[in-house]
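Asks: My structure is below; once you've seen it, I'll send some questions.
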Amino acid sequence: MIPILGTMTFAIPALLTALTEVPEAVINVESAGELRRLEDIAARCGRRVTVAVRVNPSRVHLTGSLQMGGRPSAFGIPEPEVPAVLELAAGLPHLDVAGFHVHAVSANLDAQAHLDYVHWCLDFAVRTARTAHLDLRVVDVGGGFGVPFEPDRRGEQPFALDRFGEGLSRLPVPAGLSVIFEPGRLLVADCGWYTAQVIDVKRSYGTDFVVLRGGIHHFALPTSWEIVHNFAVVNRTADGDPKGTDADADADPNADTDTDPRGTDPAGRAVTVVGELCTPEDTLARDITVGSVRPGDVIVFPMAGAYGYEFALAEFLGHARPRRVVLAPTDETIRAPGSQPAEPE
């Protein structure tokens, strides 16, 4: 079976119609209303479709940046209401309930807690299917595997994937049951970097601002998740850019922007990194102490491969999209789909 994951509440009819046409798909449904809509669409298409019911557990013992279970949420069906929804589904002739989808949290770093969560998902699914006389074939336990964005400030450690795998190997899984994981962030976060050139460095009422030729229309993760996302400053040298001359090292770090066209250098002071948009929400980092940083330098945010560009506010007020570059393992630069070719800086 090919799982089709419903990651947004209340899929539009056009999407539900398209999903019914995918061979052997399992469509995750978020509500009783969505079940009825899917039944109507399947009837019109003359198909019987397989579904998984998304569950919002009553309690979730996982920490993370986003909690979608164990609290009021637009996602999933509250656990106490699941039996009634399954009874409804049993009376819909074009739907076949194959199991459950439980995605309760994002960015969890505790492997043991996540293992306990998976154990609960399996136990819940088996018990509930037995009571409802369902042929249980699939349990989607979602994702939620975190990556350590703040190892310095919070002492975060990477998700212990080896220990998690060892624990999974000891979990009892009924024969014929497919258990699905959605580990996207864990797989791709380290595979991307967001870079933006510094276009200005200024001081306002005692706060140093580093202004980028970029912002949340390119990379919205730090603002959206309220994390202190580590970054590096790549200083431009005399060979790379005329702005990065040896004279920069001798410049007065407290020089005023109006008299120094290269801007104030806040070396050793805390800076706030902002983008070019006309909103104070366009802030990528606050109160981070840096070394020398001047216009023409480049700020690099690692771990931007997940919830990076695709998560951003693209074309905010008509601003240009960023250039996207893919580097092959051989260091050969190739074009990403829909991207522009890399150009010399």
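Asks: May I ask you to sort 228, 233, 102, 274 by Cβ crowding, counting other Cβ atoms within 10 Å and putting the fewest first?
Replies: So the residues, fewest neighbours to most, are 228, 233, 274, 102.
Asks: What FRET efficiency would be calculated for the residue pair residue 324, residue 225, taking the C-beta separation as r and a Förster radius of 25 Å, to the nearest 0.05?
Replies: 0.75
Asks: So how do 128, 63, 264 line up by other beta-carbon neighbours within 10 Å, fewest first?
Replies: 63, 128, 264
Asks: Residue 32 to residue 181: FRET efficiency via 1/(1 + (r/R0)^6), r the Cβ-Cβ distance, R0 22 Å, to the nearest 0.05?
Replies: 0.25
Asks: A further question on this structure: Which value in nm describes the separation of the simple spin-label points at residue 58 and residue 207, placed 7 Å from the Cα toward the beta carbon?
Replies: Inter-label distance under the simple model: 4.5 nm.
Asks: Assuming 0.36 nm per residue, please report the length gained on full extension of the stretch residue 71 to residue 163 beyond their Cα-Cα distance. Let's see the in-between values first.
Replies: Details: separation 92, 0.36 × 92 = 33.12 nm, distance 2.86 nm.
Result: 30.3 nm gained on full extension.
Asks: If the chain between residue 96 and residue 133 were fully stretched, how many nm would it gain, using 0.36 nm times the residue separation less the Cα-Cα distance?
Replies: Gain on extension, residue 96 to residue 133, equals 12.1 nm.
Asks: Assuming 0.36 nm per residue, please report the length gained on full extension of the stretch residue 310 to residue 113 beyond their Cα-Cα distance.
Replies: Computed gain between residue 310 and residue 113 is 68.0 nm.
Bear in mind these aren't lab numbers, they're just calculated from the coordinates by the rules spelled out. Bear in mind that the values here come from a model prediction, so they are computed numbers and not experimental data. Positions of Cβ are backbone-derived with ideal geometry, glycine not excepted, and every protein chain shown enters the neighbour counts.
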